[in-house]
Amino acid sequence: MNAESMIRDLEEKGFVEEELPAGTDLRGEILRMKKEKNAVILAHYYQRPEIQDIADFVGDSLGLSRQAAGTDADIILFAGVHFMAETAKILNPSRKVLIPDLRAGCSLESSCPPDKFRDFISRHPGHTVVTYINCSAEVKAMSDIICTSSNAAQVVASIEPGIPVIFAPDHNLGKYVMKKTGRQMFLWNGQCDVHEAFSMDKINALRKIYPSAKFIAHPESEEKLLEQAVFIGSTSALIGFVKKDPSDVFIVATEAGILHQMRKEVTGKKLIAAPAYENNTCACSECSFMKLNTMEKIYTTLKYEIPEIIIPEPIRLRALLPLQRMMQVSEQPGLSVAPASHAAN
Ligand code: 13P
Ligand code: SF4
């Protein structure tokens, strides 16, 4: 394949498309190239099962960030969405970071365009800006501290009392953190389309069929759902809960890809993906961005080492600081940080 057609593919499709000979052993070839090139594959729990099964590490946003920061592999192939691969590059810039499909975005990220966010910050001077990791590098660069779903309450609690706080972009997570910490915050009005699509009516119908089922949810879900959940947590925390809890049936409100890893870690329990409003056919919720990644794309990404994540150095450096603050707070529970409130830049 020549360079010109690869560039055209990247521009038009977001990935390099190559017809593979019939019978290509994708798994075998990916594992071979991974070893040859000293690459590591990091995969989020929402990835397709076959991708999770070839990954060196499968985890939630925080776990994946830690892995990315600490790896000495020459190449990080990030089987997740764009903001996750960008985070890996911000944290470990000397590695080549690849993503199988450049179009793998996130509705939370696109709900928070950098120019509008800059304007929002400048209209709230003196506020500490807490940003959920599901945002662009540019938005991270405007933030004081980043959080993930597993440490959002801890991050907010680490900010000295009395300092006004902006929380962006997920308003559901923001509301949940306000309830948990008792801290008032100015919320950006963004949402995850997957977690907003769950149907409480359909979930209640399932609960009638399985009266002993425990309903658990990711904090990106709507308040009315979270009020019904017996446990709320990040993807890793949801898996941890199902492993520890003695119940036999669970209805899980997060992206359905998580069930693959849950089923690997938990045997003999019935795990049901919470159904979405319009989704009558498979009664499950999938993130179309996460599902853009395929074994074929991982193969061509490793083979040609594109698409690669490139971030302008001034933005990377500004985005690094709030990520490092998050890591510090996560690693030292109880740590208090009073990040200098940000002038919109
Ligand atoms: P966590 O991986 O932190 O649970 O977040 C889920 C998510 O929506 C990632 O896009
Ligand atoms: Fe973004 Fe939601 Fe998809 Fe996660 S599940 S990547 S938050 S759109």
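Every read-out reported here was derived from the displayed coordinates using simple, explicitly stated rules and does not represent laboratory data. Everything numeric in this text was worked out from a predicted model, so none of it was measured. A quick note on method: Cβ atoms are made from the backbone with ideal geometry, for glycine too, and the neighbour counts reach across all protein chains shown.
Numbers at a glance
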| quantity | calculated |
| --- | --- |
| From the options Phe15, Phe78, residue that is in a loop (DSSP other than H, G, I, E, B) and not polar (S, T, N, Q) | Phe15 |
| Selection within the range 243-268 - more than 11 Å from Ala213 (Cα to Cα) and touching a helix residue (DSSP H, G or I) at 6+ places or on another chain (Cβ under 8 Å) | Lys243, Ala253, Thr254, Glu255, Gly257, Ile258, His260, Gln261, Met262, Glu265, Val266 |
| Candidate set: the range 207-233, residues that are within 24 Å of Arg48 (Cβ to Cβ) and out of contact with any Gly (no Cβ under 9 Å at 6 or more places or on another chain); chosen: the one farthest from ligand 1 (Cβ to nearest atom) | Ser221 |
| Count - residues of the range 115-133 that are in a loop (DSSP other than H, G, I, E, B) and under 29 Å from Ser236 (Cα atoms) | 1 |
| Neighbours by Cβ (under 6 Å, 6+ apart or cross-chain): first from the range 109-134, within 26 Å of Gly162 (Cβ to Cβ); second assigned to a strand (DSSP E or B) and among the acidic types (Asp, Glu) | Tyr132/Asp170 |
| Ser199 crowded, with 23+ Cβ neighbours inside 10 Å and more than 16 Å from ligand 2 (Cβ to nearest atom) | no |
| Hits in the range 161-180 (condition: in contact (Cβ under 8 Å) with a residue 60 or more places away in the chain and either under 19 Å from Glu331 (Cβ atoms) or in contact with a helix residue (DSSP H, G or I) (Cβ under 6 Å, 6 or more places away or on another chain) (or both)) | Pro169, Asp170 |
| Unique residue being surrounded by fewer than 24 Cβ atoms within 10 Å (Cβ to Cβ) and more than 16 Å from ligand 1 (Cβ to nearest atom) when the list is Arg123, Arg66, Arg48 | Arg123 |
| Boolean, Leu62 is within 11 Å of the chain's Cα centre (by Cα) and away from ligand 2 (no atom under 13 Å from the Cβ) | yes |
| Residues of the range 208-250 that turn out to be over 17 Å from Tyr45 (Cβ atoms), more than 16 Å from ligand 2 (Cβ to nearest atom) and surrounded by 18 or more Cβ atoms within 10 Å (Cβ to Cβ), as a count | 4 |
| Given (1) within 13 Å of ligand 2 (Cβ to nearest atom); (2) among the hydrophobic types (A, V, I, L, M, F, W, C); (3) farther than 21 Å from Ser330 by Cβ, index of the condition Met84 fails | (3) |
